[in-house]
Amino acid sequence: MNRKDEHVSLARAFHQKNKENDFDAVRLLHPSLVTARSEEIDLQTEFLGLQLSAPFFINAMTGGSEKTKKINHDLAIIARETDLMLATGSVSAALKDPSVIDSYTIVRQVNPTGLILGNMGAGRTCDDAKKIVDILQADALQIHLNVPQELVMPEGDREFHEWPENIQKTVQSLTVPVIVKEVGFGMTHETISQLQTLGVKAVDVSGRGGTSFSQIENARRPKRELHYLDDWGQSTVVSLLEAQNIPEMTLLASGGVRNAFDIFKALCLGAKAVGVSGTILDQLLRHGIEATIEMIEDWKKQLERLYLMTNKTTTADLIHNPVILTGAPKEWCETRGID
Ligand code: FNR
């Protein structure tokens, strides 16, 4: 089977609806008096010049085959109908084999005016980055970091030393914003600071808690002997806590987002917007386009209710709303000396 098709079918097979993760260890403070008015609630968010009508988006997934072209087509309809930002999967496959390019460009055909992000690995050069932005007329580019995935993948890369230089050059030479993202392994304070020294202005910490690419790639190994890496990495909640106190870095979050409440908690922990992959893919593959649009519209309504319940009118007001940590994230903060 094509590797991209395998990723989709394994992500679907491993996806567990409502599986517990560190978002469950985040509690909110309840105010009994609410002065905000419901008509004032505004979900919009803004970063690096991108204006989003809702504080969540469809994060990078796929492309590179006939089956994934259909998925990108459906995701683009969903993004268009709900006005959500949409990231394609890594366009590297199309740079190697131009015959699959339409499995990515379909998103622009279906959604000519929506916000679209291109995606590539950090092993790619700034010339590749420019091509991808051009091909998709992308509004921004995601560069993904996925060392554990490559190492568990039988045919994956084994050298990563050029990544920092590639990232630095790409950030310097692109005219659209660049977001450096993980793929479900999370980030530490040190990683984010290092990225900042390379000129990176925005990161998506994409942490553990949902899709696991070490698990997916291990399932593609004949002996499946690297199962002990299935839950490698920092959770999304822990990564957001690690990311506190890095001035002038735009934080985005993804990884294990199951519902509107997880989005809300990630915003409270400092994210300007929240990416969702596994939960949206699962809904689309199980229940189709209409049901996925319905779920997203429902999440928007739920978020409006959560803003009002915590006496917040805008997403900007909500970011860094105090939370109470319990369990593993609390222990992590104590060990790492995070206030
Ligand atoms: C992904 N993800 C991903 N990320 C990326 O930067 N480039 C890519 O090509 C892909 N491909 C991909 C395929 C599939 C099928 C899935 C489900 C995911 C990773 C994704 O963007 C995200 O970082 C993680 O999946 C964690 O989020 P969820 O799935 O837990 O919401």
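None of the figures in this text is laboratory data; all of them are computed from the coordinates on show. Just so it is clear, the model here is predicted, and its values are computed rather than measured. Note: ideal-geometry Cβ built from the backbone for every residue, glycine included; neighbour counts use all protein chains shown.
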Inset, instruction - Would you tally the net charge around Arg286, using a Cβ to Cβ cut-off of less than 12 Å, leaving Arg286 out, and scoring K and R as +1, D and E as -1? - result: +1
Inset, instruction - Put one equal scatterer on each alpha carbon of region 12-142, apply the Debye formula with no solvent term, and list log10 I(q)/I(0) at q = 0.09, 0.12, 0.13, 0.14 1/Å to two decimals. - result: -0.36, -0.58, -0.66, -0.74
Legend entry - Inter-label distance for Asp102 and Glu304, nm, one decimal - labels placed 7 Å from Cα along Cα-to-Cβ: 4.0 nm
Legend entry - Cα centroid of region 22-41 to Cα centroid of region 269-339, whole Å: 12 Å
Legend entry - Rounded FRET efficiency, nearest 0.05, which uses the C-beta distance separating Val34 from Asp127 and R0 of 56 Å: 0.60
Legend entry - Longest segment of the chain lacking trypsin sites (Lys or Arg not before Pro) that sit in a DSSP loop with at most 14 other Cβ atoms within 10 Å: 38-157
Legend entry - Out-of-range pairs (alpha-carbon distance over 21 Å; input Lys4/Lys181; Lys201/Lys330; Lys4/Lys265; Lys265/Lys312; Lys181/Lys300; Lys19/Lys70): Lys201/Lys330; Lys4/Lys265; Lys181/Lys300; Lys19/Lys70
Inset, instruction - Give me the number: length gained by fully extending Arg224 to Glu20, i.e. 0.36 nm times residue separation minus the C-alpha to C-alpha distance, one decimal in nm. - result: 71.0 nm
Legend entry - 10 Å-binned pair-distance histogram of region 35-75 (Cα, whole percent): 23, 29, 28, 14, 6, 0
Legend entry - Largest-first principal axis extents, alpha carbons of the chain, Å: 59, 44, 39
Inset, instruction - Post the alpha-carbon centroid distance, region 75-93 to region 203-255, in whole angstrom. - result: 21 Å
Legend entry - Estimated D of region 1-60 in µm² per second, where Rh is the Kirkwood radius over Cα pairs and Stokes-Einstein applies at 10 °C, 1.306 mPa s: 97 µm²/s
Legend entry - Estimated FRET transfer efficiency (Glu155, Lys67; beta-carbon r; R0 25 Å; 0.05): 0.80
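Multiply the residue gap between Gln196 and Ala291 by 0.36 nm, knock off their C-alpha separation, and tell me the result in nm, one decimal place.
Details: separation 95, 0.36 × 95 = 34.20 nm, distance 3.95 nm.
Contour length minus Cα-Cα distance gives 30.3 nm.
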Legend entry - Degrees between helix 126-136 axis and first principal axis of the chain (Cα, 0 to 90, nearest 10): 80 degrees
Inset, instruction - State the volume of the convex hull built on the alpha-carbon positions of region 259-303, expressed per residue in Å³ and rounded to an integer. - result: 63 Å³
